[in-house]
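See structure below.
Please treat every number below as a calculation from the coordinates, not as lab data. It should be emphasised that the depicted structure is a prediction, and the values quoted were computed from it without experimental measurement. Note that we place each Cβ from the backbone using ideal geometry, even for glycine, and neighbour counts take in every protein chain shown.
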Amino acid sequence: MSGLINALRLSGAWPLFVKEVLRFWKVAFQTVAAPVLTAVLYLLIFGHVLQGKVEVFNGVGYTRFLIPGLVMMSLLQNAFANSSSSLVQSKITGNLVFLLLTPLSHRAWFVAYVGASLVRGLAVGLGVFLVTGWFAPPGLAEPWWAVIFALLGGSLLGALGLIAGLWAEKFDHMAVFQNFIIMPMTFLSGVFYSVHSLPPFWLGLSHLNPFFYLIDGFRRGFFGVSDVSPWLSLGVVGSATLGVSLIALHLLKTGYKIRH
Amino acid sequence: MSAVSFQQVTKSYVSAGRTVAALQGVSFDIQEGEFFGLLGPNGAGKTTLISILAGLSRATTGKVTVRGHDVVTDYAFARRQLGVVPQELVFDPFFSVREALMIQSAYFGLNKNGAWVDELLHHLGLSDKADANMRQLSGGMKRRVLVAQALVHKPPVIVLDEPTAGVDVELRQTLWQFIARLNKDGHTVLLTTHYLEEAEALCHRIGMLKQGKLVALDRTSALLAGTAHTMLRFKTDDPLPAALAEQARITGRIVQLPAHDAAEIEAILATLRQSQCRVEDLEIGRADLEDVFLSIMQGVHA
């Protein structure tokens, strides 16, 4: 572990990672506490309205069913928000120049931004889990699946946020990415329902959404049951993470929209 | 080996459907330990050239090296050698002055840089602002932090892109004393500035850019000697006769006219007398860098 940190320190990735973590931690009320509160409100309202009316898996009440989905949704949205908002802010205010002038490689940038996104995603996810779990403990049937999908989900969205942050030239662009891509993909991924309750067309469409596999695989860790095999989910999510990471690395290497 | 070498650097980009040639084959070298001034009007390509050197921008063709290392293929080495003070007053609002400097140090692999950071803070008059958030600083203070940030890794080559634009006199003095000392200690300095008296006072050698081309490159003293003429300076409230107005440099009430010898001075005074133009504070002096600059930019190198 100390060897890894040393290597990261030498590459410059470690200080950038620490800086990125400090950046959101200094405003943790807004970047961690606020999303936890939002998730709790979802749980209270949807749970109250639908508890007892919907049973998705045998023996799993709706409130309990909802918790893993909410945890994952919050994790994904905040991992994305971290890298994307940091980059776009630095670009607009111009202080990205301090980083551009350093000898950091594109790999160091990638590791640092995605790593910090993962930390924020996990912090928010854990917060949501602890608070909502207090209302209805969801159990942990196969916890390793929960851990694997949490790590992959945070990395995937961190890398996606990196791409969005590089591409966006103003906050409007970022809002487009967030509202028209990230939000629909998370809401239509089975956070609030099992996709098996959907009509065939929407069921088919859900299977094209990598977020569906993230949530389904994550939920497996809590209930030991899922809509599709967790191995299939792992394959899809792993491939998506790899693909998105390669694109992000390529954009960083070529200095897309940051080195003219 | 040169500290910095520009070799046939060109840069063109498309703006509003039109190709703009920002740099058209610029070549020159800056030697180790030199204090080099890069002058030119707005849009001449000074910042573009510095951006290419710093890796913020990429040359369309040509090559730039820092102490023999290519800024593109060997960027990590090149950037360790460079300390760049950007022109824009930028800062990271999340951090205090000391935090910003420690973070910048760590990017260069310096984790125990506290002593040098303290020294920088002291020399730039920032010691009492060390723990203030960047947002609370005035423009001049932010500029000092930019200078400190560029120097955290003790770079052998310091690049200052118009560091004194909009800066008060006190900071200018502090800054130049500090930079001159670093230069004496062996650091190479590349400076772009609008203040020609600064360039004249500080730079050993000067390059002038005009519309993306290098139009002058010489020792400062040689450039000044190149304009053998003297200048006639005076103040007036009256309109100048047309014949003189053409070649005059006018700043408010102050008028400056090139005059090569006594006969020319007599002729100017005669013209002024005939047109009943009343003058005050008449003096004759040597041409300064501003005169050289203007004559080169007008394409009539005297």
Problem - Over chain A: helical MRE at 222 nm, DSSP H runs n ≥ 4 each giving -39500 (n - 2.57), nearest 500 - result: -24000 deg cm²/dmol
Fill in the blank from the handout: Counted neighbours (other Cβ, 10 Å), sorted fewest up, put A:GLU169, B:GLU290 in the order A:GLU169, B:GLU290
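How large is the translational diffusion coefficient of the range B:120-245 in µm² per second when you combine the Kirkwood radius over alpha carbon pairs with Stokes-Einstein at 20 °C and 1.002 mPa s? Before the final figure, lay out each step's value.
Working: Rh = 17.4 Å.
The diffusion coefficient I find is 123 µm²/s.
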Practice task
Jot down the radius of gyration and Dmax of the range B:228-286, Cα atoms only, both in angstrom.
Solution key: 10.3, 30
Problem - Longest segment of chain A lacking trypsin sites (Lys or Arg not before Pro) that sit in a DSSP loop with at most 11 other Cβ atoms within 10 Å - result: A:54-169
Exercise for the section: Mind checking A:98-111 for the average number of partner chain beta-carbons within 10 Å of each residue's beta-carbon? Expected result: 5
Handout entry: Between the range B:63-114 and the range A:213-260, the Cα center-to-center distance that results, in Å
Key = 33
Problem - Cα point-scatterer Debye curve for the protein assembly as shown, base-10 log of I(q)/I(0) at q = 0.06, 0.09, 0.13 Å⁻¹ - result: -0.43, -0.78, -1.23
Practice task
For the range A:2-254, just the Cα atoms, rotate onto the principal axes and tell me the three extents in Å, largest first.
Solution key: 58, 41, 35
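Listing B:ILE52, B:ILE265, A:ILE181, A:ILE163 from the residue with the fewest other Cβ atoms within 10 Å to the one with the most, what is the order?
Details: B:ILE52 28, B:ILE265 16, A:ILE181 13, A:ILE163 21.
By the 10 Å Cβ count, ascending: A:ILE181, B:ILE265, A:ILE163, B:ILE52.
Over the range B:146-237, what is the relative contact order in percent, taking alpha-carbon pairs closer than 8 angstrom and at least six residues apart? Mind showing how you got there, number by number?
Working: 63 pairs, mean separation 20.6, N = 92.
Relative contact order, the range B:146-237: 22 percent.
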Fill in the blank from the handout: Longest principal axis of chain A (C-alpha) makes with the long axis of helix A:230-254 (C-alpha) an angle, in degrees to the nearest 10, of 20
Exercise for the section: Specify the residue with the greatest mean-square fluctuation among A:GLY52, A:GLY125, A:GLY153, computed from a Gaussian network of chain A linking alpha-carbon atoms under 10 Å apart. Expected result: A:GLY52
Fill in the blank from the handout: Within the set A:ASN209, A:ASN78, A:ASN95, GNM on chain A using Cα springs under 10 Å gives the largest fluctuation to A:ASN95
Practice task
Quick one, can you get me the convex hull of the C-alpha atoms of the range A:184-260 expressed as volume per residue in Å³?
Solution key: 112
Problem - Estimated distance in nm for a label pair at B:SER221 and B:THR19, the labels positioned 7 Å out from Cα along Cα-to-Cβ - result: 4.5
Practice task
Positive end of the charge dipole of the protein assembly as shown (Lys, Arg +1 and Asp, Glu -1 on Cβ, about the Cα centre): tell me which of B:ALA287, B:SER51, A:LEU118 has its Cα farthest that way.
Solution key: A:LEU118
Fill in the blank from the handout: FRET efficiency (B:ASP238, B:HIS194; Cβ distance; R0 25 Å; to 0.05) is 0.25
Exercise for the section: Report the label-to-label distance for B:ASN111 and A:ILE181 in nanometres (one decimal), using points 7 Å from each Cα along the Cα→Cβ vector. Expected result: 3.6
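Tell me, what is the percent relative contact order of chain B, built from C-alpha pairs under 8 Å that lie six or more residues apart? List each step's numbers first, then the result.
On the way: 541 pairs, mean separation 58.5, N = 302.
In percent, rounded to a whole number, it is 19.
Report D for chain B in µm² per second (integer): Stokes-Einstein, Kirkwood Rh on Cα pairs, 25 °C, 0.890 mPa s. Spell out each step's value before the answer.
On the way: Rh = 21.3 Å.
The diffusion coefficient I find is 115 µm²/s.
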Practice task
Return the Cα extents of the range A:86-236 along principal axes one, two and three, sorted largest first, each rounded to a whole Å.
Solution key: 50, 32, 30
Practice task
Consider all pairwise Cα distances in the range B:254-302 and report the whole-number % of them above 18 Å.
Solution key: 40
Practice task
Could you work out how far helix A:34-50 tilts from the main Cα principal axis of chain A, as a 0 to 90 degree angle to the nearest 10?
Solution key: 20
